[in-house]
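Below is one structure, written out as structure tokens, with a few remarks after it.
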Amino acid sequence: MQSFRSRRVVGAHQQAANVGAQSQKSAPVSSPQGLINRRKPRSGDILSAFRALDTAIDRRAQLEIMQWLRDEYDTRQGGVLLGCLQQCYLGPPFVDHKLDLLHDIVEHYHAADAVADPFAQARGLVRSGSYAYIEVYSDGSLVPVRPDGTCSGGGIL
């Protein structure tokens, strides 16, 4: 059930025709190399970019961060990254936020808010406090990334 509490939403959905325009250079997830690439540690620059989302108030700055992240993940070739769920550092009442790379949206959630699939599956991992963020891939895999950039496994279905 969707909560009716207000959420801080930054950005707007692209038209469905534009969604397919995102670069699909990543290796297929079924490839062994793609799964190996998912297990590689994330760079300090990637971790910093995710943290910067809460401090980037300007919409243009957020879009630049999201484009840079898309480019970095395309280069990694670990599959199509839909986005990430991570703890929110804006403070109460927000507890976590979703970065949807397909639609250029950052959406902040209250504790009682429902998060839509496939991001909802990552929420328990985010709330554990053990991870910097959880990557959500187009094949349904979740890759928890620790604060030091290492990841926990190559994907949880």
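FYI, it's all coordinate maths here, none of it is from the lab. Worth saying up front: this structure is predicted, and the values here are computed from it rather than measured. Ideal geometry is used to build each Cβ from the backbone, glycine not excepted, and the neighbour counts take in all protein chains shown.
What the table below lists for this structure:
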read-out: Relative contact order computed over the range 41-112 (Cα-Cα under 8 Å; 6+ residues apart), in percent; value: 21 percent
read-out: Ranked I65, I36, criterion: other C-beta atoms within 10 Å, fewest first; value: I36, I65
read-out: Principal axis dimensions, the range 27-145 - Cα atoms, whole angstrom, descending; value: 42, 29, 24
read-out: Cα-projected label distance for A111 with K40, points at 7 Å along beta-carbon direction, nm; value: 4.0 nm
